[in-house]
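In what follows, a single structure is set out as structure tokens and then discussed.
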């Protein structure tokens with residue numbers, strides 16, 4: 001029996017049990033600016049974006065309360081493929097090639113606007129969680145543009161320039177390009193997952209009032225790369241490192257050998273993400289070492305400069321990036337910058353957020369997918 005069939009059967013059974021035995025997770029906490037610190041737009045958001053301010057109850061199966069189970073099941077569950085058309089994008093920075101995979105709004109008109117979607121490390125437009133999110137967004141009137149990182153998702157690496165959590169140039173260039181397209185007169189929002197969330201928030205903070213996005217959504221952002229590196233479990237670190245080594249090997253002869261900044265022997269010796277970032281990433285991007293990269297590449301350091309609405313969705317039990325700040329610390333951050341709105345879920349793992357309804361439907365969008373898409377759709381009504 002195929003794996004997808006097994007997962008489907010498990011999902012149906014789990015869903016039936018979930019209907020009977022499901023129970024709310026401990027808490028969903030919303031952190032927004034205090035009334036005396038709020039702005040006009042933040043007050044409008046708190047009264048209009050009910051999907052974010054008063055999210056639906058998160059009903060979780062007891063087994064899914066384990067963050068590792070929630071994380072892994074989300075990556076393993078079957079996916080109904082979405083239809084993309086691929087659009088090459090030549091970087092004005094160095095002439096390198098990026099591949100944009102575009103999924104048009106199902107109704108034929110992007111009345112919500114356009115979403116620029118930045119996947120996580122080694123993920124791309126065909127990754128299951130990305131397709132599930134794109135399906136939810138496109139069926140609700142959004143045109144989705146998934147930005148595949150250089151050399152990822154079937155995209156060749158045509159220059160020695162690679163990507164990392166601090167590389168915002170490509171995202172910024174694509175956002176500017178999308179803004180110039182006439183059919184994107186409606187909202188242009190960025191949605192980032194994991195590493196892509198750090199890139200998005202870092203770019204928005206770097207650009208401040210010059211940011212071309214109307215809003216952003218950050219899902220399971222590492223925020224503080226130094227902290228996230230320190231809490232990343234070894235099993236995940238080794239898995240990510242194998243993917244990073246494979247990425248370098250795939251593009252070594254065609255491009256990376258030309259950079260003369262690293263040796264392939266140093267790459268294959270890496271046994272952890274931190275070692276890879278210290279010996280490879282830092283060298284390729286001109287940082288002194290991993291600590292320098294983590295310090296300067298963390299989006300948390302510029303979150304106070306973000307000048308458009310940013311919706312943050314994090315899980316307090318995230319087993320991959322951890323929970324970089326407490327609720328009280330987030331309260332201080334959003335009081336200083338009321339453009340930031342934070343949702344902290346006591347459960348959900350890393351980009352999981354699988355509830356009983358999701359498991360029951362097998363193919364369905366996650367709880368977080370539904371919350372974010374509805375939130376951004378409600379926000380578009382303000383524009």
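The values are calculated or read from the model by the stated rules, or taken from the named source; none is laboratory data. Since we're looking at a predicted model, the values are computed, not measured. Here the Cβ is made from the backbone with ideal geometry for all residues, glycine too, and neighbour counts use every protein chain on show.
Each residue in the range 125-137 was checked for being surrounded by 24 or more Cβ atoms within 10 Å (Cβ to Cβ) and free of Cβ contacts under 8 Å to residues at least 60 places away in the same chain, and 2 pass.
Given the structure, is residue 334 in contact (Cβ under 8 Å) with a residue 24 or more places away in the chain and in a helix (DSSP H, G or I)? So residue 334 passes the test.
Anything in the range 7-37 that is at pLDDT 90 or above and outside any helix (DSSP H, G or I)? List them, or say none.
First, the residues of the range 7-37 that are at pLDDT 90 or above: 28-37.
Residues satisfying the conditions are 28, 29, 30, 31, 32, 33, 34.
Assessment of the range 153-161 against the conditions (in contact with a strand residue (DSSP E or B) (Cβ under 7 Å, 6 or more places away or on another chain) and either crowded, with 23+ Cβ neighbours inside 10 Å or closer than 27 Å to residue 368 by Cα (or both)) yields at least one matching residue. Of the residues making up the range 250-286, those that are closer than 23 Å to residue 158 by Cα and touching a residue at least 24 places away in the same chain (Cβ under 8 Å) number 13.
Checked against the criterion of being over 30 Å from residue 72 (Cβ atoms) and either at pLDDT below 95 or more than 16 Å from the chain's Cα centre (by Cα) (or both), the candidates 304, 364 yield just one match: 304.
Residues are listed down the side, and each one gets a yes or a no for (1) surrounded by 15 or more Cβ atoms within 10 Å (Cβ to Cβ); (2) touching a helix residue (DSSP H, G or I) at 6+ places or on another chain (Cβ under 7 Å); (3) more than 19 Å from residue 363 (Cα to Cα):
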{"residue": "68", "(1), (2), (3)": "yes, no, yes"}
{"residue": "72", "(1), (2), (3)": "yes, no, no"}
{"residue": "87", "(1), (2), (3)": "no, no, yes"}
{"residue": "103", "(1), (2), (3)": "yes, yes, no"}
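Scan the range 321-328 and give yes if some residue there is free of Cβ contacts under 8 Å to residues at least 12 places away in the same chain and over 18 Å from the mean Cα position of the chain (by Cα), otherwise no. Looking through the range 321-328, at least one residue is free of Cβ contacts under 8 Å to residues at least 12 places away in the same chain and over 18 Å from the mean Cα position of the chain (by Cα). Looking across the range 172-206 at every residue that is free of Cβ contacts under 8 Å to residues at least 60 places away in the same chain and in a helix (DSSP H, G or I), the one that is surrounded by the most Cβ atoms within 10 Å (Cβ to Cβ) is identified as 203.
Taking the condition surrounded by 14 or more Cβ atoms within 10 Å (Cβ to Cβ), modelled with pLDDT of 50 or more and closer than 30 Å to residue 380 by Cβ, does residue 43 pass? Against the criterion (surrounded by 14 or more Cβ atoms within 10 Å (Cβ to Cβ), modelled with pLDDT of 50 or more and closer than 30 Å to residue 380 by Cβ), residue 43 qualifies. Total residues in the range 60-87 satisfying the condition of being touching a strand residue (DSSP E or B) at 6+ places or on another chain (Cβ under 8 Å), at pLDDT below 90 and not in a helix (DSSP H, G or I): the figure is 1.
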